[in-house]
Structures are given as C-alpha cells and as structure tokens.
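The values are calculated or read from the model by the stated rules, or taken from the named source; none is laboratory data. No experiment lies behind these values; they were computed from the predicted model shown. Counting neighbours? That spans all protein chains shown, and the Cβs are built from the backbone with ideal geometry, glycine included. The protein model used for the area step is the full one, side chains on, heavy atoms only, and it has no ligands, DNA or RNA in it. Shrake-Rupley method; radii C 1.70, N 1.55, O 1.52, S 1.80 Å.
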Protein chains: 2
Amino acid sequence: MTDFMKIALEEAESAAKRGEVPVGSVLISPNGEILAQSGNRTEELADPTAHAEILVIRKAATLLHSPRLVGCDLYVTLEPCAMCAAAISFARIRRLVFGAYDPKGGAVEHGGRFYAQPTCHHAPEVVGGMEERKAAHLLKAFFNVRRGHET
Amino acid sequence: MTDFMKIALEEAESAAKRGEVPVGSVLISPNGEILAQSGNRTEELADPTAHAEILVIRKAATLLHSPRLVGCDLYVTLEPCAMCAAAISFARIRRLVFGAYDPKGGAVEHGGRFYAQPTCHHAPEVVGGMEERKAAHLLKAFFNVRRGHET
C-alpha cells in the first residue's frame, strides 16, 4: 500500500513543479495494478474539476468502459474535498487511502463529512494519514513559496 | 431566467431518451449568453463525474480558458449533489438556480449542505424550486419506467 502512496506523492511533486496545488492520486484495479495516476491539473486544463482524484477516476472509468469502478482502490495525498469524496462514492471505490488531513477543505473527516451523511449511498473503507507528513510538507512548501517565503 | 430553466428541462428530457437519469443544466455568461448546455451523460461517457453541471462547467471553462467562471450563473433541473455543489463553488459561479429539491442526494438544502460549511470558500446565491414540478415529474416518470411501471 505504501508504494502506491509514494507514486501519489511523486505526482504531487510534479504538480507543484507545474504550478499546481501539489496533490497526487493513483487508482488501483481489484488485482493490484495501477489503472491511472495523476496530479492536480486545474490550471493546466482550465478545469475547476480537474483535481487529481477526478482525473484518475475518469481515466480508469474510460479504460474499464464503466462509470463504476467496483473493487478499485484510490490513493491520494490529501483528504478529498466534497467534490472528490462524492465522485469516489459514485464510482463505487472500495477503499480510499489518503495522506494529509485537510481541516480547511476536506469533506471526509471535516466539513460535511460526506460518507457519514444519509445522502451518501456508497461509502468506501477509509484509511487516513498515510505518509501524512510528506504530503503535508509538500503543500506547506508550495504555499510558502507562493506567499514569497523560502522553505 | 425561466427561459434558461426551460432549456435545462429540454436537456433533461433528452437525457431520459438516452437512458440517463434526466437532469439538465445550462451555464450563462455574465452578459446573459448560453456558454454551455448538457444533460447527464454518466452512462454514455462511462464517467461517474459526468453529471450535467460538471459537463457545462468544464465546457464553459474550456471556452473561457479559465477554471474560474466569475459572474456566470448555472441553471440545473435538480438540486446539485455534493460533487456538483463543490464544483460550482470552485468555479466561482455567481448564482445557482435549481428545479426540484433532492432529499435523497442533494447537498445544497440536504445532506452536508455544502455552502453552509466552514470548508466552503465561495457560496453562490441560491434560488431553489424553479419549475420544480416539471423537473420532478421527469425524474419520477423515468424511475417509474425503470421499475416497470408506465406513468
């Protein structure tokens, strides 16, 4: 499991180099193969929905010719927002593994806690905090530089 | 405003004919032009994120070369889910006008009430219930047929 998070972290690092908020994600098939991996690309694609999780879900769904990714697992370096938490639910993802917790924008352990709502019809198994420090460090370094401070 | 909802309802009707859950959406530029219109296409595109709102946001963002649709309004026949409510926020939509309320899956007036969360950093002006009966009838008819009942 940790190897997949390492790839997600590499995608987050690449995103930072492109000037995107450094979040990375990897989508794993039921038999353990990587179906898709991506960083955040909202600026590059001029698409407010192009979070890393949405991009890997869309790519995997295209590959599997199905909007439902039954038995698949999703790794992401940051706690998903409401948009991504819901997309993960709609895609029937089996297990969600995330890195840093996000009190400002997360919707799994924070905010609307999507998977705990009666309006959520499929909740994945959730593992939070994997490689948390590395994921959080990438984000902190990125925003420090954007604010004009070296890290 | 009602004319835009009528176009959204036509998109919802077209979606039903394609076997998709009948929801339609229209995205309006700051000077009142239609930038994008679409129905739900999750099955056609094998994309769990292809709700009508996401599709019009992505199309308009591509047209405007920006992930932020400042001053734009979004019309949709059904109360947005958490995924779409958050995407509407990220896109900086000025006003959200929706038709039927959705106690089972909505996230504006139901569930996680995304715009009321401290994790929401931009909330549109919200007008709910426009052409509510027509929008709800389309959905009810669609699901009745799917359950084997004529309407």
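Can you figure out the FRET efficiency of A:T2 with B:K59, using R₀ = 41 Å and their beta-carbon distance, to the nearest 0.05?
On the way: r = 39 Å, r/R0 = 0.95.
Result of the calculation: an efficiency of 0.60.
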Just in segment A:103-151: which trypsin sites (Lys or Arg not before Pro) are loop by DSSP and have at most 12 other Cβ atoms within 10 Å? A:K104, A:R147
List the residues whose amide H sits under 5 Å from the amide H of A:G128, counting only those 5 or more places along or on another chain, with H placed 1.01 Å from N in the peptide plane. A:F98
Need the C-alpha centroid separation for segment A:70-103 versus segment B:93-133, integer Å. 22
Please work out how much accessible surface A:V127 shows to a 1.4 Å probe, ignoring ligands, DNA and RNA, in Å² rounded to 10. 40
Quick one: length gained pulling B:K140 to B:A123 fully straight, 0.36 nm per residue minus the C-alpha distance? 3.2 nm
How large is the convex hull of the C-alpha atoms of chain B per residue, in Å³? 101
Anyone know which of B:P30, B:P118, B:P22 comes out most mobile in the 10 Å Cα GNM of chain B? B:P118
Here the correct list, in nm and shortest first, of distances from A:R18 to the same site in the other copies, label points 7 Å along Cα→Cβ, is 2.7
Accessible area lost on pairing A with B, both sides, 1.4 Å probe, Å² to nearest 100? 2400
Using a 7 Å offset from Cα along the direction of the beta-carbon, what are the separations from A:H122 to the same position in each other copy, nm, ascending? 3.0
Rounded to whole Å, how close does chain A get to the rotation axis onto B by Cβ? Give me the residue too, please? A:G112, 1
Loop by DSSP (not H, G, I, E, B), at most 12 other beta-carbon atoms within 10 Å: where is the longest site-free stretch of chain A for GluC sites (Glu not before Pro)? A:34-149
Distances from A:R68 to the same position in the other copies: list them in nm, one decimal, shortest first, using label points 7 Å from Cα along Cα→Cβ. 4.0
Relative contact order (percent) for segment B:19-151, with alpha-carbon contacts under 8 angstrom and 6 or more residues of separation? 21
